[in-house]
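Reviewing the structure listed below.
Derivation of every value follows stated rules applied to the coordinates shown; laboratory data play no part. In this text, all values refer to a predicted model and were calculated from it rather than measured experimentally. Neighbour counts run over all protein chains shown; Cβ positions are idealised from the backbone, glycine included.
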Number of protein chains: 2
Amino acid sequence: MEGREQQGRLCVALVSGGLDSAVTLAEARAAGFRCVAVSFEYGQRHIVELEAAGRVAKALGAVEHIVARIDIRAFGGSALTDDIAVPKDRAEEVMAGEIPVTYVPARNLIFLSYAAGVAESRGAGDIFLGVNAVDYSGYPDCRPEFIEAFAQCAGLATKAGAEGGAFRIHTPLIEMTKAEIILRGLELGVDFGLTHSCYDPDESGRACGRCDSCALRRRGFVEAGVVDPTQYSPEFR
Amino acid sequence: MEGREQQGRLCVALVSGGLDSAVTLAEARAAGFRCVAVSFEYGQRHIVELEAAGRVAKALGAVEHIVARIDIRAFGGSALTDDIAVPKDRAEEVMAGEIPVTYVPARNLIFLSYAAGVAESRGAGDIFLGVNAVDYSGYPDCRPEFIEAFAQCAGLATKAGAEGGAFRIHTPLIEMTKAEIILRGLELGVDFGLTHSCYDPDESGRACGRCDSCALRRRGFVEAGVVDPTQYSPEFR
């Protein structure tokens, strides 16, 4: 559906190009919102993410897609932006409950803050974010208590908040498993072939199949009993 | 004093190039902190600010100066980043208590979030910010209740917070008038000739003398009974 024909309240949806944020954008559309999709060029090693974000925003009918440069690499500290090796083939027990080297300090805080700025500039009071507290329990900024604190803080930070308005931060996936997210996405018509989750894709942009993000995604498709449309690198067997 | 010779705990200090953040950095140094100065290239119309920030960081002995690009212009909405005219020659009553067109949506929220990321990456738990609730009462993100909410939120967003640490956000100027800030800066040895406050400098980087920021700064020097070292444009009489 073309943007200009849409009705409904405006929201800001953070779209990374990954599976979770695609389902989140679809949830926002299903709830009747017109969506401003926002993606970040933050010095990530794998720019193929942003191409996926553009495809997802278009396919799901975002009225606008903002790609903002925020140079998080200037402070470093993560395997996603620096020359730290992305861990591969880790067991589930190892992934769970620890803060991984792929953690980017304060990333969701920075991204949500930017989203609040976009929302205020567009007159929107709703922000959709695809965080998940089940699969990513090791990331502090995916916890519900952080999201609640942020909504409060962002209301105080902005003109809308100063005038009595407040932001509503929607995290429809926060309590869902990856398999549940995939099944919900299929219900909503999300084409997962457009999405990209891998932390360490090959030169053609194909997924490595072995990083934590690939492992979670693969397991999600298996548990959902759904065919995985991901293009894996030929080196992954 | 050279960075490598310094002792003390590390902090992050946001340095805009203006008068307030220079005094704030000096306060952090006087309190015994080693300081990572952070400035933003956010699409501001007057890049002369960043040159001033570099001079201030160096003169006050910051151990490191990070200039990060955050493209706030991508969402627009302020006379500081867009082609909206900067207001001139406004009476005090007009400036006070309203949200001016120079307000950039969620700017302090975005900047503090970035500072929290830098702090976490460097192992610092303290952030210094030169906000002021007296002169800038119209900016929602200069209010003490916002600062308190942010400290809480940033603690929850980060690894340090998840492990029981919390951020301390220092706003030493928050209750001071501009004249008090100037007098305190002089006590601390700040050279205000290095700083830049104007929203609309001329081509040589000289202050217009007539925007809200110039007006507050000029009045501050008058009230402090101190010579104003600002280089004003010859058009300003």
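Between A:L186 and B:R69, what is the label-point separation in nm under the 7 Å Cα-to-beta-carbon projection?
About 4.2 nm separates the two model spin labels.
Would you mind checking A:K58/B:K159; A:K58/B:K88; A:K58/A:K159; A:K88/B:K58 for any pair whose Cα atoms are more than 32 angstrom apart? The partial results should precede the final answer.
Values: A:K58/B:K159 35 Å; A:K58/B:K88 43 Å; A:K58/A:K159 30 Å; A:K88/B:K58 42 Å.
Beyond 32 Å between Cα atoms: A:K58/B:K159; A:K58/B:K88; A:K88/B:K58.
If we count every other residue with Cβ under 13 angstrom of B:D126's Cβ, Lys/Arg +1 and Asp/Glu -1, where does the sum land?
Details: positive: B:R9, B:R29, B:R34, B:R122, B:R168; negative: B:E27, B:E120.
Once positives and negatives cancel, what remains is +3.
Can you give the mean number of other chain Cβ atoms that lie within 10 Å of the Cβ atoms in peptide B:32-42? The partial results should precede the final answer.
Values: counts 0, 0, 0, 0, 1, 0, 2, 0, 2, 1, 1.
That works out to 1 on average.
Rounded to whole Å and ordered largest first, report the semi-axes of the equivalent ellipsoid of the stretch B:103-227 derived from its Cα gyration tensor (root of 5λ). Please report the intermediate quantities before stating the final value.
Details: eigenvalues 188, 49, 40 Å².
Calculated on Cα positions only, the semi-axes equal 31, 16, 14 Å.
If the label for A:A85 sits 7 angstrom from Cα along the Cα-to-Cβ line, what are its distances to the same label in every other copy, in nm to one decimal, shortest first?
Copy-to-copy label distances at A:A85, shortest first: 6.2 nm.
If you take each beta carbon of peptide A:120-130 and count the beta carbons of other chains within 10 angstrom, what is the mean? Don't jump to the answer; show the numbers that get you there.
Values: counts 8, 10, 4, 1, 0, 0, 0, 0, 0, 0, 0.
Shielding by partners across A:120-130 averages 2.
In nm to one decimal, list the spacings between the B:E187 label point and its equivalents in the other copies, with label points set 7 Å along Cα to Cβ, shortest first.
6.3
Quick one: label points 7 angstrom along Cα→Cβ at A:F236, distances to the other copies in nm, smallest first?
With the label placed 7 Å along Cα→Cβ, A:F236 yields 5.8 nm.
Spin-label point model (7 Å from Cα, Cβ direction): what's the A:E145 to B:V226 distance in nm?
In this crude spin-label approximation the distance works out to 4.3 nm.
Please sort A:187-196, A:19-28 by packing, taking for each peptide the average over its residues of neighbouring beta carbons within 10 angstrom, highest first.
On the way: A:187-196: 18.2, A:19-28: 26.6.
Result, highest mean first: A:19-28, A:187-196.
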